[in-house]
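Accompanying notes for the structure given below.
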Amino acid sequence: MKVAYLGPQGSFSEEAAFRYFSKHDKWHMCDSIVDVLEAVEEGKADKGIVPIENSIEGTINITADGLLRYDLFVEAEIIFPVSLHLLTLKGASLQEITEVWSIVPALAQCRDFMREAKVKSRQFDSTSAAAQAVKNQERKDVAAIASKYAAEVFDLQITKSDIQDNSNNHTRFVVISKKNSGQNHNTKTMLLISPTEDYSGVLSSILNVFTALSINLTWIESRPTKKQLGTYHFFVEAQNGLHEEKMNKAITILKAFGHDVRVLGSYNTIKL
Ligand SMILES: O=C(O)C(=O)C[C@]1(C(=O)O)C=C[C@@H](O)C=C1
C-alpha cells in the first residue's frame, strides 16, 4: 500500500505516518497538503495522512477545503502531540535571529513567541521544508519552527525549545482514502452539510436535529462556499458511529430538510 504525506523528511506528518502505518508500506512524499489530497484523489497513493485541527490554532483550512473539493473519505483520526522548537544553524544565537520560517499553522501556534521576539515570518509548505531551507541557505540570521526530529534530520541546533503558546499541544490528523472503508462499530462520524437554501436559523435547525437525537458533537466548522459572501458548508463530527440507528436518523432528517449531506467517513480515534 502506498501512503501520501507532507514532506520533506522530518515533518510531523512523516512522524505520524511512520507511527501509524506499517514499515512495509510504501511512501509517497508530497510538497504540500493539497498535493497529498490530490495524490489520493488521482490514485497515485492508496491512502494519505493530513493534519485537520490543532489544539491551539484550530482547523487547518487547507485540509478542510480539500475535503470539500475532492471526493475523499476519512477512515481514521490520529491525535499527535506537537512540540515546536526554534531550529538554527549550529553556533547561531537567539539574538541573531531576524526572521522565522515555517508552515502557517506552526507559526500560528507560536504567536506569543513571535510577538515577543519581534521577528518577521516567512511561510513554507511544511515545518521540515523550512528547516531544510535554513540548512541549505547557511544563514545564521534565520530560524525554522519545526520538530526535534527535523533538527536531527537536518543537523540543526534547538536554540529555543517548546515555543508553542501552550505546552499541551496536539494536532489531529486524518487518514484519507478514495474508497469508503465502511467499517462497522466506529466511534465517530464526519458529515459535510451544505444547506441548499439560506434562511434565518438554518444552522440552528441543523444542530437541533443532533440535540433531539442526543448525538454529541465533537467538532463543528464552517467553510465559505466561495460563491457568495455569507454562505457556508458545515462540517459536523459526531460521537457516534454510522452503524448506530440515531446517526442514520439524523442524516435522513437533514436530507428531508433539503440539505445536501455527504458522509465523509465513520472512524475511530488513535492516540499516538
Ligand atoms: O509541517 C509539518 O511538519 C506538518 O506535518 C504540518 C503540520 C500542520 O500543518 O498542522 C502538522 C502538525 C503541526 O501542527 C505543524 C505542522
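Taking the conditions (1) more than 10 Å from the ligand (Cβ to nearest atom); (2) within 18 Å of ASN180 (Cα to Cα) in turn, ILE79 satisfies each one other than (2). A search for C-beta distances below 6 Å between a residue of the range 125-142 that is within 13 Å of PHE12 (Cα to Cα) and any residue that is surrounded by fewer than 18 Cβ atoms within 10 Å (Cβ to Cβ), counting only pairs 6+ apart in sequence or on different chains, returns ASP125/ASP31; ASP125/SER32.
Of the residues making up the range 71-96, those that are aliphatic (A, V, I, L, M), more than 23 Å from ASN54 (Cα to Cα) and surrounded by 20 or more Cβ atoms within 10 Å (Cβ to Cβ) are LEU89, ALA92.
Of all the numbered requirements in (1) under 15 Å from the mean Cα position of the chain (by Cα); (2) not in a helix (DSSP H, G or I), ALA64 misses one, and that requirement is (2).
Among the residues examined, ASP112 qualifies as out of contact with any strand residue (DSSP E or B) (no Cβ under 9 Å at 6 or more places or on another chain), more than 30 Å from ASP260 (Cα to Cα), touching a residue at least 40 places away in the same chain (Cβ under 8 Å) and not in a strand (DSSP E or B).
For every residue, the table says whether it meets (1) away from the ligand (no atom under 11 Å from the Cβ); (2) among the charged types (D, E, K, R); (3) within 21 Å of ILE103 (Cα to Cα).
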{"site": "MET1", "(1), (2), (3)": "yes, no, no"}
{"site": "ALA4", "(1), (2), (3)": "yes, no, yes"}
{"site": "GLN9", "(1), (2), (3)": "no, no, yes"}
{"site": "SER13", "(1), (2), (3)": "no, no, yes"}
{"site": "TYR20", "(1), (2), (3)": "yes, no, no"}
{"site": "HIS28", "(1), (2), (3)": "yes, no, yes"}
{"site": "ILE33", "(1), (2), (3)": "no, no, yes"}
{"site": "VAL36", "(1), (2), (3)": "no, no, yes"}
{"site": "ASP46", "(1), (2), (3)": "yes, yes, no"}
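For the structure I just gave you, tell me whether TYR267 is over 19 Å from the mean Cα position of the chain (by Cα) and within 28 Å of ALA106 (Cβ to Cβ). Criteria not met by TYR267.
Could you pull out the residue among ASP125, ASP65, ASP141, ASP112 that is near the ligand (Cβ under 9 Å from one of its atoms), acidic (Asp, Glu) and modelled with pLDDT of 95 or more? One residue alone meets the criteria, ASP125. When the residues of the range 138-162 are filtered to those that are assigned to a helix (DSSP H, G or I) and among the aliphatic types (A, V, I, L, M), the one that is surrounded by the most Cβ atoms within 10 Å (Cβ to Cβ) is ALA150. Residues that are surrounded by 15 or more Cβ atoms within 10 Å (Cβ to Cβ), aliphatic (A, V, I, L, M) and more than 16 Å from the ligand (Cβ to nearest atom) are absent from the range 163-176 altogether.
Looking at LYS120, is it closer than 30 Å to THR269 by Cβ, of a type in the set (D, E, K, R) and within 26 Å of the chain's Cα centre (by Cα)? So LYS120 does not fit the description; no. Just one residue in the set LYS90, LYS135 is farther than 27 Å from GLY58 by Cα, away from the ligand (no atom under 11 Å from the Cβ), of a type in the set (D, E, K, R) and outside any loop (DSSP other than H, G, I, E, B); that residue is LYS135. Within the range 67-87, the set of residues being in a strand (DSSP E or B) and either polar (S, T, N, Q) or touching a Lys or Arg at 6+ places or on another chain (Cβ under 8 Å) (or both) comprises PHE73, GLU75, GLU77, ILE78, ILE79, PHE80, HIS85, LEU86. Residues in the range 223-272 that are of a type in the set (Gly, Ala, Ser) and over 30 Å from SER83 (Cβ atoms): GLY230, ALA238, GLY241, ALA250, ALA256, GLY258, SER266.
The values are calculated or read from the model by the stated rules, or taken from the named source; none is laboratory data. No experiment lies behind these values; they were computed from the predicted model shown. Backbone-built Cβ (ideal geometry, glycine too); neighbour counts: all protein chains shown.
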